[in-house]
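Heads up: the structure comes next, in structure tokens.
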Amino acid sequence: METRQLESTPGFVIYDLPGAQHYVGETRLGSRLIPGNATMLVRHITYVFATLEQQRSGASVGLKSDPSDAANAVEALATELVDDFTSGKLSTGPGLRLDAKLLAPVLAHDQRNLIGNDDRDGISFNSELIGVGATAAAAGLVGGLDGKRIAIEGFGPAGLGIAREAAAAGATIARVATAKGCANGQLDPVALAEAWLADGDMCVATLSGDGEPAKPWTIWKDDVDVLFCGSKPAAMSGDGASMAGATPVVAFSAAAVSSKALAVLRAAGTPVAADFVAAAGPALGWWADPALTYDDLRAATADTVNAVMSETVGHDDGPFMAACYRAEAFLKTWQDKLPFGRPLG
């Protein structure tokens, strides 16, 4: 993993693997950013590409500036790395403290198919594709979602995508959690969408009606059939894994399961679907034929995740580790040595 310091503005760029066709990752903003905190975000994307058998790599840009100086930092970045951006070597998108408007000078050079950015009933198509992939992964763990009860930690646009897809497959949404709390009950996707779009993280208060939302950690209770997690790296800690017990887990954002949590779950024989499998859908669209439709990419996402889950779900080391082995087998076909560290929080 190579870290290059920027010269025109305080900051850095991380490139994971040498010799990749393209590098992709978020640009984040913050005066205290350090490269080490982005390592697993980068590695997650590398493993997504390996899962899809693409010789591409994760990356990350960190702008070490105050938000008040964001525009100047982005302009400097766009100028300094113009060759990487215009050649398609490096593609990026909005991350921490940045939106598409602020990042526009860089996004103007993005050569990917950006169908995933399209709005689809209040969320991006990328969030919809994560919903398709995560629910396919869950179905692979538990033999279908019809009649199953699910809980979604890190509820937001991707979580709403999961809720819609799971409900369409016959599941009941029993709980959702944000950093502000946990809402319980038989939650309707339409009500979830209205609450999220109106109130963001505070949607749990709206969904709880006259009562107070429960504490965020109660999302891990083991009274559901599947737990989805994706608020941040290491969202599921060892303590959360202990509460979850035998409940199958689907990670849907970068390194959402910590290494301690995975160890606890593996010891309990609990299956875990890897984040880089469940969230692979958006990457399928980045270099897709512009003629491909939403339905084409939805189908490609479901087919890809179903195929990987069929191959990995019965492995003695569990589906998460089996997915790692599968991705690493592809990496060995074009890298002299494997990168150190798997995408775990």
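Model label sites at Asp69 and Asp188, defined 7 Å from Cα along the beta-carbon direction, differ in position by 5.1 nm. Once C-alpha pairs closer than 8 Å and six or more residues apart are averaged by separation and normalised to the residue number of the range 36-162, the relative contact order reads 16 percent.
Ordering His44, Gly19, Leu33 by Cα displacement along the dipole of the range 10-65 toward the positive end leaves Leu33 in first place; charges were set at the Cβ atoms of Lys, Arg (+1) and Asp, Glu (-1). Among Arg175, Arg28, the sequence by solvent-accessible area, most first, with a 1.4 Å probe is Arg28, Arg175.
When only Cα pairs under 8 Å and 6 or more residues apart are kept, what is the percent relative contact order across the range 106-230?
Worked out over the range 106-230, it gives 25 percent.
With protein chains left intact and a 1.4 Å probe, residues in the range 1-134 average 42 Å² of accessible area per residue. Counting heavy atoms of the protein chains alone, His109 has an accessible area of about 60 Å² for a 1.4 Å probe.
For the range 68-190, the alpha carbon convex hull comes to 128 Å³ per residue, rounded to a whole number. Note on Lys101: aspartates and glutamates with a C-alpha under 20 Å away, same-chain residues under 8 apart excluded, are Glu26, Asp66, Asp69, Glu75, Glu80, Asp110, Asp118, Asp119. The computed Cα extents along the principal axes in Å for the structure shown corresponds, within (1) 63, 39, 36; (2) 57, 47, 39; (3) 53, 46, 41, to (3). The residues of the range 224-319 have, on average, 37 Å² of accessible surface per residue, using a 1.4 Å probe with all protein chains present. Computed over the chain, the per-residue total of -39500 (n - 2.57) for DSSP H runs of n ≥ 4 gives a 222 nm mean residue ellipticity of -12000 deg cm²/dmol, rounded to 500. The C-alpha atoms of the chain define a longest principal axis, and helix 125-142 lies at about 50 degrees to it.
Classify the range 158-316 from the C-alpha gyration tensor, please: rounded if a/c falls under 1.5, else prolate or oblate depending on whether a/b exceeds b/c. Verdict is oblate for the range 158-316. Towards the positive end of the charge dipole of the chain, with charges on Cβ (+1 Lys, Arg; -1 Asp, Glu), say which of Leu81, Met321, Phe125 has the farthest Cα. Among Leu81, Met321, Phe125, the one farthest towards the positive end of the dipole of the chain is Met321. For the chain, the relative contact order is 18 percent, taking Cα pairs closer than 8 Å that sit 6 or more residues apart in sequence and dividing their mean separation by the residue count. Sorted largest first by accessible area at a 1.4 angstrom probe radius, with every protein chain in place, the residues Asp275, Asp316 fall in the order Asp316, Asp275. Here the translational diffusion coefficient of the range 229-315 follows from Stokes-Einstein with Rh set to the Kirkwood radius across Cα pairs; for 10 °C and 1.306 mPa s it amounts to 114 µm²/s. Close amide H pairs (under 5 Å, H built 1.01 Å from N) link Ala273 with Val249, Val250, Ala251, residues at least 5 positions away or on another chain.
Going by accessible surface with a 1.4 Å probe and the largest first, Met309, Met243, Met40 read Met243, Met40, Met309. Considering only beta bridges that DSSP places wholly inside the chain, some 40 percent are antiparallel. Summarising the strand pairing of the range 169-265, around 60 percent of its internal DSSP beta bridges are antiparallel.
The values are calculated or read from the model by the stated rules, or taken from the named source; none is laboratory data. No experiment lies behind these values; they were computed from the predicted model shown. Positions of Cβ are backbone-derived with ideal geometry, glycine not excepted, and every protein chain shown enters the neighbour counts. Heads up: the accessible areas ignore ligands, DNA and RNA and are worked out on the full protein's heavy atoms, side chains in. Shrake-Rupley method; radii C 1.70, N 1.55, O 1.52, S 1.80 Å.
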